[in-house]
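Okay, so here's the structure we're looking at.
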Amino acid sequence: MKNIVQFTFAIYVACVISITIFPIPYDKTTINYEAQENYLHNNMIPFTFLSNFSAYQSFGNLLLLLPLGLYVPLLSKRMKSIKRVFLVGILSSLGIELTQFVISMLAGYTYRQADIDDVILNTLGAVVGCVAFHFLVNWCKGQFDLEIFNVLKK
């Protein structure tokens, strides 16, 4: 069962990287065109999503790391607490946003928007995933006798 969880986690990580980082701009013509047409700007002011609310983008940012909050406690007995999942979530989100920022700096234009609001919503998504994990484990313990739920035993 653990191999299945590890395999699906690897697929999830590959999907997150694909969605948030790729394609990386490298063609000079494309870079010049997109730099001229660019409407994206990095955002370092927290909670601007509240005034410029886009339900689609906010919901997507919440969902992006929600599975991380499910996977982390499954993959490591030491990472069961919401506090630790919060830490993994914020570090993962900061890693994504910093990568987008650095690539934008190297490309000479904002190819992907580095946004502090994304960090907030991604981290919240990871925490929601962890809460859902604990809820599901507690609910399913009484329903099923599965090896996977032993991960929460102390």
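The values are calculated or read from the model by the stated rules, or taken from the named source; none is laboratory data. Model, not experiment: these values are computed from the prediction. Here the Cβ is made from the backbone with ideal geometry for all residues, glycine too, and neighbour counts use every protein chain on show.
Remarks
- Filtered residues of region 70-98 (kept if over 26 Å from Gln113 (Cα atoms) and of a type in the set (A, V, I, L, M, F, W, C)): Leu70, Val72, Leu74, Leu75, Met79, Ile82
- Of the helices (runs of 4 or more DSSP H) lying entirely inside region 24-96, those containing at least 3 residues that are out of contact with any Lys or Arg (no Cβ under 9 Å at 6 or more places or on another chain) and over 19 Å from Tyr111 (Cβ atoms) are 55-64, 66-75.
- Search result, residues across region 108-137 that are over 11 Å from the mean Cα position of the chain (by Cα) and closer than 17 Å to Ile45 by Cβ: Thr110, Gln113, Ala114, Asp115, Ile116, Asp117
- Filter pass, Asn42 being at negative phi, surrounded by 10 or more Cβ atoms within 10 Å (Cβ to Cβ) and not aliphatic (A, V, I, L, M): yes
- Between Leu106, Leu98, the distinction of being out of contact with any Phe, Trp or Tyr (no Cβ under 9 Å at 6 or more places or on another chain), hydrophobic (A, V, I, L, M, F, W, C), at pLDDT below 90 and within 24 Å of Ser18 (Cα to Cα) belongs to Leu106 only.
- For region 138-148, the criterion of being out of contact with any strand residue (DSSP E or B) (no Cβ under 9 Å at 6 or more places or on another chain) and at pLDDT 90 or above is met by no residue.
- Complete set of residues in region 84-107 that are closer than 23 Å to Ala55 by Cα, within 12 Å of the chain's Cα centre (by Cα) and crowded, with 19+ Cβ neighbours inside 10 Å: Gly89, Ser92, Ser93, Ile96, Glu97
- Verdict on Leu68 being in contact with a Gly (Cβ under 9 Å, 6 or more places away or on another chain), surrounded by 15 or more Cβ atoms within 10 Å (Cβ to Cβ) and either closer than 26 Å to Pro23 by Cα or among the β-branched types (Val, Ile, Thr) (or both): yes
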